[in-house]
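Read through the structure below, which is laid out as structure tokens, and then see the notes.
Readers should treat all values here as calculations from the given coordinates under stated rules, not as data from a laboratory. Not measured: the values here are computed from a predicted model. Counting neighbours? That spans all protein chains shown, and the Cβs are built from the backbone with ideal geometry, glycine included.
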């Protein structure tokens, strides 16, 4: 969480140092929103498919390899779930940061 605040603070300092004002911050926030709305559904889909494939493959392997591949499948599933959470909550949080940004994807 601290890295997010650090990134937003650095973005604000760089924008003010360049003298472009808050329009650049709004443009950057809009670009992040577009990234969230366009890329994250694909990430969620691919992560869930990858997790299912890994789990299926792990079922035909010996026990030691089955455990390792099963851990990778779990990590891929967690990645998909976290990406879905960010996809649902992200535009709302960005909408709170900028008044001119639409919240809908």
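A few points about this structure:
- Relative contact order of the stretch 22-97, defined on C-alpha pairs under 8 angstrom at six or more residues apart (%): 41
- With the simple spin-label model, which puts each label point 7 Å out from Cα in the Cβ direction, the residue 60 to residue 82 separation comes to 3.1 nm.
- Label positions at residue 93 and residue 71, each projected 7 Å from the Cα along the C-beta direction, are separated by 2.8 nm.
- At q = 0.15, 0.17, 0.24, 0.25 Å⁻¹, base-10 log of I(q)/I(0) for the stretch 22-97 (Debye sum, equal scatterers on each alpha carbon): -0.59, -0.67, -0.96, -1.00
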